[in-house]
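Everything below concerns the one structure shown next.
The values are calculated or read from the model by the stated rules, or taken from the named source; none is laboratory data. Fair warning: this is a prediction, and the values are worked out from it, not measured in the lab. In this analysis, Cβ positions are derived from the backbone assuming ideal geometry, glycine residues included, and neighbour counts consider all displayed protein chains. Heavy atoms of the whole protein, side chains included, go into the accessibility calculation; ligands, DNA and RNA do not. Shrake-Rupley method; radii C 1.70, N 1.55, O 1.52, S 1.80 Å.
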Amino acid sequence: MGNYILKRLISAIPVLLGITIIVFLIMAMIPGDPATAILGSYATPENVEKLNRDLGLDKPLVVRYFIWLGNLLTGDFGRSFSLNRPVIDEILERFNATLILAGTAWVLCAIFGILAGVVSASRQYGFADKAITFVVLIGISVPSFFLGMMMILFFAVNLKILPVSGMFAIYGGGDLPDLLRHLVMPAIALAVVATGVVARLSRSAMLEVLRQDYIRTARAKGVGERRVLYGHALRAAMVSIIPVLGIQAGFVLSGSVFIEIVFQWPGVGRMLVDAILTRDILLVQGGVVFVAACYVFFNICVDVAQSLLDPRIKT
């Protein structure tokens, strides 16, 4: 297992390196002069030249990339000029909020998606199977940001039972119940599509396992249906379900950008949008690389969990 984990960590290095190249080139190809956009009305030729020199924008593109990459390897993500603070401090502070939102959405999609898939497969072509399939298709078809806006209109504006936006109440609050009240709508809106995907693939994986001979043998021996489903079939199906959960982790992490904007959630996604609007290059680059690194690390954890269920993967 140790060798397998080491191989996965080594294989992640080219992926992260490629991400840094892509992010750096995209930010470098944005039209316009970043220094002029940053200075705004203070963009005199002298100030623009000085800021370009301070930011290292007067150096060749390749030199700028390797300087930035070298700083990243030492843990120095640079300093945000729009916020006047270290980039890594801002990212870590915002990532706590994103982790709460995306983590909750991922747990919801994992629990309800797998449960819906198991129930649907165990009652194939029955009423429960058709009802779950219908709901899943609707959930997959509705964009998360549109669902979020409809939830705000219904639950916050019309019924007035949930807060419209934010992570905590502006006046008072700040405790766990207050956080949960603000978390309900964005977490559900973010989890709906991922739940539908997990449910569909869980159903397919369960149907394949339920056709196996050892499942028929267990039923012939009089093993209870609940134990057959959750003790035998689900464990075997998890080998196929776990990679889907890893993919959906990336989906909810990237999809949180839209949800954070809709619900004004103070996470990394909202930070990146604000940084793009202000042309805060180092903050955008650092934020994207940090999120990508988290996604790669999570997928490594998923691969390790999958290898524990199916030892053949390590060979």
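Normalised by the empirical 2.2 N^0.38 Å for globular proteins, what value does the Cα Rg of the range 62-215 take?
Normalised by 2.2 N^0.38 Å, the Cα Rg of the range 62-215 equals 1.44.
Give me the net charge for the shell around Phe168: Cβ to Cβ below 13 angstrom, other residues only, Lys and Arg +1, Asp and Glu -1.
-1
Amide H of Arg85: which non-local residues (sequence gap of 5 or more, or other chain) have their own amide H closer than 5 Å, using H built in the peptide plane?
Long-range HN contacts for Arg85: Ser80.
What does the accessible area per residue of the chain come to in Å², with a 1.4 Å probe and no ligands, DNA or RNA counted?
Heavy-atom SASA per residue in the chain reads 54 Å².
Please compute one quarter of the surface area of the Cα convex hull for the range 1-87 and express it in square nanometres.
7.1 nm²
Choose one of Leu207, Ala191, Leu308: the residue whose Cα lies farthest towards the positive end of the charge dipole of the range 190-315 (beta-carbon charges +1 Lys, Arg; -1 Asp, Glu; about the Cα centre).
Going by the charge dipole, the pick is Leu207.
Would you kindly state how much longer the chain becomes between Asp89 and Val273 on full extension, computed as 0.36 nm times their sequence separation minus their alpha carbon distance, in nm to one decimal?
64.5 nm
So how much slack lies between Arg219 and Phe297, counting 0.36 nm per residue of separation and subtracting their Cα-Cα distance, in nm?
Using 0.36 nm per residue and subtracting the Cα-Cα distance, I get 24.1 nm.
What spacing in nm lies between the two simple spin-label points modelled at Ala128 and Val62, each 7 Å away from Cα in the Cβ direction?
6.4 nm
Taking 0.36 nm per residue of sequence separation and subtracting the Cα-Cα distance, how much length would be gained by fully extending the chain between Ala169 and Leu39, in nm to one decimal?
In short, 43.4 nm is gained.
Can you give the charge dipole size of the chain about its Cα centre, rounded to the nearest 20 debye, using +1 on the beta carbon of Lys and Arg and -1 on the beta carbon of Asp and Glu? It would help to have the intermediate numbers written out before the result.
Working: 26 positive and 20 negative charges, 310 e Å.
In debye, rounded to 20, the chain gives about 1480.
Report the rotationally averaged projected area of the range 191-312 based on its alpha-carbon convex hull, in square nanometres.
On the way: hull surface 37.6 nm².
The number I arrive at for the range 191-312 is 9.4 nm².
Quick one: Debye curve from the alpha-carbon atoms of the chain only, equal weights, vacuum; give me log10 I(q)/I(0) at q = 0.08, 0.13, 0.14 Å⁻¹ to two decimals.
-0.49, -1.06, -1.15
Applying a 10 Å radius around every beta-carbon, put 235-245, 61-71, 108-118 in order of their mean neighbour count, most first.
Peptide ranking by packing, descending: 108-118, 235-245, 61-71.
Kindly rank 253-261, 301-309 from highest to lowest mean number of other beta carbons found within 10 Å of each residue. Don't jump to the answer; show the numbers that get you there.
On the way: 253-261: 21.9, 301-309: 16.2.
Taking the mean over residues of other Cβ atoms within 10 Å, the ranking is 253-261, 301-309.
Tell me which lysines have Cα within less than 26 Å of Lys59's Cα, excluding those fewer than 8 residues away on the same chain?
Correct list for Lys59: Lys50.
Take the solvent-accessible surface of the protein heavy atoms, probe 1.4 Å, and return the percent of it on the chain that carbon and sulfur atoms account for.
Values: 11700 of 17080 Å².
Roughly 68 percent, rounded to a whole number.
State the dimensionless ratio Rg/Rh of the range 134-199 (Rg: radius of gyration of Cα atoms; Rh: Kirkwood radius).
Rounded to two decimals, Rg/Rh equals 1.04.
What ratio of Cα Rg to 2.2 N^0.38 Å holds for the range 47-150?
With N residues counted in the range 47-150, Rg over 2.2 N^0.38 Å equals 1.86.
In degrees between 0 and 90, to the nearest 10, how far off the longest principal axis of the chain does helix 2-28 point, with axes built from Cα atoms?
40 degrees
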